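The values are calculated or read from the model by the stated rules, or taken from the named source; none is laboratory data. In this text, all values refer to a predicted model and were calculated from it rather than measured experimentally. Virtual Cβ from ideal backbone geometry, glycine too; neighbours counted across all protein chains shown. What goes into the accessible areas is simple: the full protein's heavy atoms, side chains included, and nothing from ligands, DNA or RNA. Shrake-Rupley method; radii C 1.70, N 1.55, O 1.52, S 1.80 Å.
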Amino acid sequence: MTTTAEARQQLKDKTPLSQEIAEDRSEILNSGLAANLEMPHPIFIHRGEGAYVFDADGNSYIDTSVGFGLHMLGHRHPEIEKAIKDRAELGWMFGIHTTAQLKLATLLHEASPCAERVVFCNTGSEATMYAFRAARGFSGKDKIALFDGFYHGAHDYGMWITDPTSPRDEPRKLPMGHGIPRAIEDTVMLLPYRNPSAFDLIRKHAGELAMVFVEGVQSSNPQPGAGEFLSELREVCRDSGVLFGIDEVITGFRVAYGGAQDYFDVKPDLATYGKVLGGGLPVGAITGSAEVMEVFTGLAARNGVFSGGTFSGNPLTMEAGSAAVEHLKAHPEIYTRLNASGDRLASAINGYCEERQIPAQMKNVGSMFHMFFQRDQLDSMRDVTNENVNAEKAFYLHALNRGVLVPGTQRAFLSAAHGDAEVDTLIHVFQESLGDVQAEGLFS
Ligand SMILES: Cc1ncc(COP(=O)(O)O)c(C=O)c1O
């Protein structure tokens with residue numbers, strides 16, 4: 001057994017360069033990241049290869065962050081690397097339209113069930129911001145409904161969290177930090193996730209709702225049964241004359257080639273993309289029905305909205321993204337294998353927790369997974385308790401010390417580069433780490 005203090009010391013001993021960097025950075029670089037993005041021990045990544053990353057001191061880790069979910073094919077996939085190098089030889093940033101955009105737009109149009117039209121931007125945050133604007137422009141209504149536990153990026157319209165004192169059936173929101181104008185407060189409302197009260201609220205507020213917008217799978221709370229809720233939302237929105245949007249920034253090209261829309265068989269009016277679509281370079285996209293997407297055809301168009309950006313649709317991203325998506329299209333077996341690996345991992349961890357009476361559980365949808373440190377049933381993020389926060393912190397420290405990197409967001413992923421051997425190691429490391437935390441008496 002290793003204690004938390006021993007694990008911390010062992011990590012310290014093997015990461016002197018990372019610690020120097022941490023000290024130097026703190027002088028001039030504001031991390032700009034919320035506390036929950038911080039690692040259990042500061043390490044700085046120098047390079048990545050397949051399923052592994054290597055820190056400044058040369059230690060290797062199985063990477064379950066894979067760039068916050070974007071490297072579906074693992075680090076440095078040779079076809080993506082070649083595409084980036086080939087484009088670099090031709091020049092990589094022009095602003096005006098290039099020959100490279102149509103290929104990725106066509107791949108997305110064919111893959112995403114709702115994508116009759118495509119608009120590119122540079123991040124998932126931009127994509128959701130434009131989707132909100134499109135919905136408002138199209139409908140002439142201002143309010144966007146989001147679900148408790150959501151994350152749709154860093155723009156002001158997405159910076160809301162659930163007020164924990166508000167009723168479960170009718171959650172109220174609080175701004176996530178300062179600087180969010182009060183003037184926009186009324187343009188966003190919260191709905192309860194996976195709770196039928198959401199349907200009543202949509203009907204009640206239909207007259208002011210431009211769009212109901214939901215993650216294909218909440219990355220904070222990957223629930224295999226999320227599909228039924230999405231299908232019902234689809235129906236209620238259609239009946240109420242409210243647009244329905246799915247945020248596929250994480251689920252697009254991950255849970256299935258056709259994203260959550262395909263995985264759960266539900267077709268929205270609008271969908272947003274990012275992450276995997278860019279092959280590892282910054283990307284965002286808004287897709288949807290031709291009728292709604294017409295708002296993007298220029299300000300002179302009916303209900304036209306502005307979209308643009310110096311880097312939008314840049315050729316380096318377009319080529320990297322096309323290489324990644326073409327590879328995924330040619331290898332559908334990746335999804336079968338990865339989804340089975342995610343299930344195997346979760347069932348091994350959950351079996352271990354049950355057998356040892358450890359109050360922890362792993363939730364997964366295919367290759368997305370997330371550990372929760374409680375025994376209680378989890379339907380939405382409202383059910384998450386902080387009862388084992390010390391055990392949770394110790395678990396991630398032990399895992400890192402054993403060579404498994406879980407990002408500070410605790411939203412973890414497998415990539416196609418994670419083979420059976422890596423999944424076996426993850427199972428072993430997670431079980432050993434849970435065992436250590438239990439032996440130290442850190443669970444309530
Ligand atoms: C569902 C979802 N939407 C939007 C975003 C924002 O994407 P980006 O970080 O590229 O701005 C994220 C980021 O993790 C996300 O998970």
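Observations, loosely collected:
- Residue 324 on the phi < 0 side of the Ramachandran plot, in the same structural domain as residue 273 (by TED's automatic domain parsing) and of a type in the set (Gly, Ala, Ser): yes
- Listed conditions (1) surrounded by fewer than 15 Cβ atoms within 10 Å (Cβ to Cβ); (2) more than 30 Å from residue 71 (Cα to Cα) are all met by residue 225, apart from (2).
- Residue check for residue 419: within 28 Å of residue 280 (Cα to Cα), modelled with pLDDT of 95 or more and open to solvent by 10 Å² or more (accessible area, probe 1.4 Å): yes
- Residue 421 hydrophobic (A, V, I, L, M, F, W, C), in a loop (DSSP other than H, G, I, E, B) and farther than 25 Å from residue 227 by Cβ: no
- Listed by position, the helices (runs of 4 or more DSSP H) inside the stretch 69-177 whose residues that are at pLDDT 95 or above, touching a His at 6+ places or on another chain (Cβ under 9 Å) and crowded, with 17+ Cβ neighbours inside 10 Å number at least 2 are 124-139.
- Residue in the stretch 219-229 that is touching a strand residue (DSSP E or B) at 6+ places or on another chain (Cβ under 6 Å), within 14 Å of residue 147 (Cα to Cα), without any contact (Cβ under 8 Å) to a residue 40 or more places away in the chain and among the aromatic types (Phe, Trp, Tyr) present: no
- Only one entry of 236, 214, 266 meets the criterion of being within 15 Å of the ligand (Cβ to nearest atom) and either of a type in the set (Lys, Arg) or open to solvent by less than 20 Å² (accessible area, probe 1.4 Å) (or both), and that entry is 214.
- Filter result for residue 55 (charged (D, E, K, R), closer than 28 Å to residue 339 by Cα and crowded, with 17+ Cβ neighbours inside 10 Å): no
- The stretch 341-390: number of residues that are in a helix (DSSP H, G or I), open to solvent by less than 10 Å² (accessible area, probe 1.4 Å) and touching a Ser or Thr at 6+ places or on another chain (Cβ under 8 Å): 2
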